[in-house]
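The values are calculated or read from the model by the stated rules, or taken from the named source; none is laboratory data. Note that the structure is a prediction, hence the values are computed from the model and not measured. Reconstructed Cβ throughout: ideal geometry from the backbone, glycine too, with neighbour counts over all protein chains shown. Keep in mind that these areas ignore ligands, DNA and RNA; they rest on the heavy atoms of the full protein, side chains included. Shrake-Rupley method; radii C 1.70, N 1.55, O 1.52, S 1.80 Å.
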Amino acid sequence: MEFASLFNFSFRKPYEVLFWICAVLLVQNSKGSSSDSNYLIGLGSYDITGPAADVNMMGYANMEQTAGGVHFRLRARTFIVAEPQGERVVFVNLDACMASQLVTIKVLQRLKERYGDLYTEKNVAISGIHTHAGPGGYLQYIVYIVTSLGFVRQSFNVLVNGIENSIIQAHENLRPGSIFINKGELLDAGVNRSPSAYLNNPAEERQKYDYNVDKEMTLLKFVDLEWGPIGSFNWFATHGTSMSRTNSLISGDNKGAAARFMEDWFEKKCGIASDLDISVEDTIPRRVSNIIPDLFINHHELLELAASFQSPSGRSATRILSSSRRVRGALRNADKPQFVSAFCQSNCGDVSPNVLGAFCIDTGLPCDFNHSTCGGKNELCYGRGPGYPDEFESTRIIGERQFIKAVDLLSNAPEQLKGKVDFRHTYVDFSKLEVTLERGGTTEVVQTCPAAMGYSFAAGTTDGPGAFDFEQGDDKVIMTLIGSYYSMNDSIYGLSPSFFTSMMLIYQGNPFWRIIRNFLKTPKKEQVDCQRPKPILLDTGEMRKPYDWAPSILPIQILRVGQLIILGVPGEFTTMAGRRLRDAVKTVLTDGSKSELNGDVHIVIAGLTNSYSQYVTTFEEYQVQRYEGASTLYGPHTLNAYIQEFKKLAHALIDGQAVGAGPQPPDLLNKQISLLPPVVMDATPRSVKFGDVKSDVPKNSTFNRGDMVTVTFWSACPRNDLMTEGTYALVEVLHDKKLWVPAYDDDDFCLRFKWSRPFKLSSQSYATIEWRIPKTATPGVYRITHFGAAKVLFGSINHFTGSSTAFGVV
């Protein structure tokens, strides 16, 4: 039920909705605390922001998209639920593109060292939100680290450390509490980016649903016995592609933004000012407003005080200074549990946040419906977010929509989770799995294939088109001719790659990519037949040199908390694929003869969990060979394989039977290759110090709320120190005419930290900090401060800081 329907009048502005939700939450805090506390619950959160310079972003596979700053920080957020005398489960939500098998392996090794067998692969799920604006290089299979120049140890380490610390926090926070669940529709945060493929599903199946994407958000509300609500986790399907393929700032995209909005909102949920407008960053009251009163009665007094604080020279600092000045770390009540809010990913495979649709950038007309091209060129077709052409605004709006819906669901979560905590997990080799299909009362045994990527993979999507002459739906190959050639000449496998390449030119596609493909691995006839109708671009599952290019062995997992079932899948299921999987598992779990759940069960898909293997489409969608079908690695029966294996897990869950571990995935850490050059040293011009201001605000200047303030500092490479649980950028406000108080940092949506070099191999660099002054900013005297770390002679790291000239905000 929509929150507004609780009242017999309509709300004119979002802040009015939030005000009334605050009132309800206050009542429900005490109500929730008095509920039966049937579980132990603990939540945790830790910084996982990776290298903000030089490292390729994970998601778009765009070689030119390398990190150069921070939009806002990335976090690992964890919940643990345990029965007091029984089992427990762990769910970690990462502000990262996806989970990594190697990261999961190393986290589990650390947990075993610390806790023994309490937390294992069986009951720990690690899931990614699918932001395309986080540093890459942390997966172990070659195809996923080509654009990052191989493995990036720094990206990998910060994830492993952050996940471990987040779980430790949640473990140490375990206390009696209750969990409530709620669901609701969110209509304007996702559209289907491959509607022609969706339409290939049976009409009678499509008629069961109102929309061609899932619109339902499922939210868990965690209520501590003493403190009341301490967190929420929700699942909703939409891609993390509001930020574009040219963005260079680390960002959690729309889901990371929603989490930041909700955590900040909850902290000050009853301090909403009456002059707020539609912007969510303005509906988050700044904690500093409670510290700093309106000191300045007139403009002259403000200017006079600001003029007395000129920009000092850059100076040495300690690493701890950045952490101690961090806004959220310094001002949080340490005695009360931190409110943790996670916006988790689901079956987002064909769901785009660019809800205005896909248009040609040359003509402004809609793209071709079937192939997402413009005059035959895919690189001209782009999806438009609701803030078009401003990607930051689109990120804010889609994040805001999820945030508002989550607050609505949190305010009225009527159903309490009760019952068992349980789990099942196994590994499956998807490269050669026999799958039994039931069709019209008969059965047929088919098989999955070694991983392979089709031509339309190279075309990209409307969220991020490819750079070469491919198009989605590129399956128009002369398969009959190829088949005839195979049957006439079995010796084709002995032919040279160049000859085979010339034969493959009859495919519709780009010959350059075909040459690359055949130089690496020519697919055999069995593989071509197995993957049909996918024309194979990269036969990744059969490429083993210098080590595995793609996964074969994947984890699948079910977590149960009462009547909630979480299906952990290591990929991106499309809308209809996810629906079929949920329905199949529900049929098993609600078998009245075996299960106490009956019809009372909520099933969510947690996408991109524990490992990553690209997409999973339905059999019918696979035939169309758009991007998602071309990226369904294990052939046309991939979804049926998942359904078959998940049904086995579901049967074991309700029967109380153990499940075999299955074949173990490889640990390829010692085989990783990295070509990313290290930071050699940092430098500044003669007579310039690290932290000196290069471009300052004008002296005696004042700004209005809504204005942009920009300051540039002489800086050093951010790879020297990730400033974990710290900040590169800080906005400070003057208190009592002498004390600088942290107001905003690089985890705030309104503050951007941008880093750059004057040219590629330069040892000199700049840090530009941009602050869009929120409408809720307290009038006063402010300054912008930068924290950094420089690698100097002999490789030592020197931390530094610098501040701008003070300025007024009126």
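Any chance the range 752-763 includes a residue that's within 18 Å of V55 (Cα to Cα), open to solvent by 10 Å² or more (accessible area, probe 1.4 Å), small (G, A, S) and under 27 Å from the mean Cα position of the chain (by Cα)? Within the range 752-763 (the criterion being within 18 Å of V55 (Cα to Cα), open to solvent by 10 Å² or more (accessible area, probe 1.4 Å), small (G, A, S) and under 27 Å from the mean Cα position of the chain (by Cα)), the answer is yes, since at least one residue qualifies.
A residue that is more than 24 Å from T805 (Cβ to Cβ), open to solvent by less than 10 Å² (accessible area, probe 1.4 Å) and not charged (D, E, K, R) occurs nowhere in the range 669-677.
Yes or no: the range 624-631 includes at least one residue that is open to solvent by 10 Å² or more (accessible area, probe 1.4 Å) and over 30 Å from Y766 (Cα atoms). There is at least one residue in the range 624-631 that is open to solvent by 10 Å² or more (accessible area, probe 1.4 Å) and over 30 Å from Y766 (Cα atoms). Residues in the range 653-662 that are open to solvent by less than 60 Å² (accessible area, probe 1.4 Å) and in contact (Cβ under 8 Å) with a residue 12 or more places away in the chain: L653, I654, V659, G660, A661, G662.
Based on this model, can you work out whether I126 counts as outside any loop (DSSP other than H, G, I, E, B), β-branched (V, I, T) and open to solvent by 10 Å² or more (accessible area, probe 1.4 Å)? When the stated conditions are applied, I126 does not pass them.
Every residue, every condition in (1) among the charged types (D, E, K, R); (2) without any contact (Cβ under 8 Å) to a residue 24 or more places away in the chain; (3) open to solvent by 30 Å² or more (accessible area, probe 1.4 Å), yes or no:
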{"position": "N354", "(1), (2), (3)": "no, no, no"}
{"position": "T363", "(1), (2), (3)": "no, yes, yes"}
{"position": "D368", "(1), (2), (3)": "yes, yes, yes"}
{"position": "T373", "(1), (2), (3)": "no, no, no"}
{"position": "N378", "(1), (2), (3)": "no, no, no"}
{"position": "R384", "(1), (2), (3)": "yes, no, yes"}
{"position": "E400", "(1), (2), (3)": "yes, no, no"}
{"position": "K405", "(1), (2), (3)": "yes, no, no"}
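Would you be able to say whether some residue in the range 521-542 is open to solvent by less than 10 Å² (accessible area, probe 1.4 Å), in the same structural domain as H132 (by the TED database) and not in a helix (DSSP H, G or I)? Within the range 521-542, none of the residues are open to solvent by less than 10 Å² (accessible area, probe 1.4 Å), in the same structural domain as H132 (by the TED database) and not in a helix (DSSP H, G or I). Listed conditions (1) open to solvent by 20 Å² or more (accessible area, probe 1.4 Å); (2) closer than 28 Å to A358 by Cβ; (3) of a type in the set (A, V, I, L, M) are all met by L149, apart from (2).
Scanning the range 91-104 finds one or more residues that are over 17 Å from the mean Cα position of the chain (by Cα), surrounded by 22 or more Cβ atoms within 10 Å (Cβ to Cβ) and of a type in the set (A, V, I, L, M, F, W, C).
Screening T246 on (1) in contact with a strand residue (DSSP E or B) (Cβ under 8 Å, 6 or more places away or on another chain); (2) among the β-branched types (V, I, T); (3) assigned to a loop (DSSP other than H, G, I, E, B) shows it passes everything except condition (1).
Filter the range 679-707 for residues that are open to solvent by 60 Å² or more (accessible area, probe 1.4 Å) and either of a type in the set (A, V, I, L, M) or outside the structural domain of K775 (by the TED database) (or both) and give the result. Those that are open to solvent by 60 Å² or more (accessible area, probe 1.4 Å) and either of a type in the set (A, V, I, L, M) or outside the structural domain of K775 (by the TED database) (or both): V680, M681.
Screening the candidates T147, T218 for the property of being modelled with pLDDT under 95 and not small (G, A, S) yields one hit, T147. Output the residue which, of all residues in the range 770-810 that are in contact with a helix residue (DSSP H, G or I) (Cβ under 6 Å, 6 or more places away or on another chain) and closer than 25 Å to T724 by Cα, is most open to solvent (accessible area, probe 1.4 Å). In this case the residue turns out to be I797.
If the condition is being without any contact (Cβ under 8 Å) to a residue 60 or more places away in the chain and of a type in the set (S, T, N, Q), then the range 678-694 contributes only S687. Here T373 fulfils each of the conditions (1) among the β-branched types (V, I, T); (2) modelled with pLDDT under 95; (3) under 23 Å from V616 (Cβ atoms) apart from (3). Determine, yes or no, whether N161 is assigned by the TED database to the domain that holds Y612, open to solvent by 10 Å² or more (accessible area, probe 1.4 Å) and assigned to a helix (DSSP H, G or I). Yes, satisfied.
Being out of contact with any helix residue (DSSP H, G or I) (no Cβ under 6 Å at 6 or more places or on another chain) and crowded, with 24+ Cβ neighbours inside 10 Å holds for only one residue in I41, I48, and it is I41. Scanning the range 587-636 for residues that are more than 28 Å from I536 (Cβ to Cβ) and more than 22 Å from the chain's Cα centre (by Cα) yields a total of 16. Here G86, G116 are screened, and the one residue that is out of contact with any Gly (no Cβ under 6 Å at 6 or more places or on another chain), modelled with pLDDT under 95 and not aliphatic (A, V, I, L, M) is G86.
In the set I773, I673, which member is touching a strand residue (DSSP E or B) at 6+ places or on another chain (Cβ under 7 Å) and not assigned by the TED database to the domain that holds T801? Within the list I773, I673, the selection yields I673. Whenever a residue of the range 787-798 is over 13 Å from A683 (Cβ atoms), its partners that are open to solvent by 30 Å² or more (accessible area, probe 1.4 Å) and assigned to a strand (DSSP E or B), lying with C-beta atoms within less than 6 angstrom and at least six residues away or across chains, give the pairs A789/I797; A789/H799; I797/K791.
Taking the criterion of being under 19 Å from the mean Cα position of the chain (by Cα) and part of a strand (DSSP E or B), the residues of the range 347-382 that qualify are V351, S352.
Within the range 274-327, restricting attention to residues that are of a type in the set (G, A, S) and over 19 Å from V697 (Cα atoms), the residue that is modelled with the lowest pLDDT is S274.
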